[in-house]
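Each reported figure results from applying straightforward, stated rules to the coordinates on display, with no laboratory input. Small disclaimer: the values here were computed from a predicted structure and weren't measured.
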Amino acid sequence: MADIVKELVSGVVESVLKEILKKTAGRTTTKRKKRQTRSATTGRFTRKASTASKPARKQVSKRRTVATRSRQRGR
């Protein structure tokens, strides 16, 4: 009796695991395509000149004003 129950449970667990693994395999987000610009004269797609990337701006910590601090304290 115990052997039958064990076999039944193991079969159910295996099938559930297979189903879970099947669903998770190979899911990637879809990539959005950017619209291409057309040439005004020929009507064909134009190539964009690659823009030089600017370096990231340095983060500046902004001091809270007295008014905002007092307003926050009132909450």
Extension gain (nm, one decimal) between T65 and K48, 0.36 nm per residue minus Cα-Cα: 1.7 nm
Diffusion constant of the range 34-75 at 20 °C, which comes from Stokes-Einstein with the Kirkwood Cα-pair radius and 1.002 mPa s, µm²/s: 136 µm²/s
Degrees, to the nearest 10: 2-24 long Cα axis against longest axis of the chain: 20 degrees
Which labelled figure in (1) 0.97; (2) 1.05; (3) 1.42 is Rg/Rh (Cα atoms, Kirkwood Rh), once derived from the coordinates: (3)
Contour excess over end-to-end distance, with Cα ends at T37 and V13 and 0.36 nm allotted per residue: 3.3 nm
Spatially proximal lysines relative to K18 (Cα-Cα < 23 Å; intrachain offsets below 8 disregarded): K6
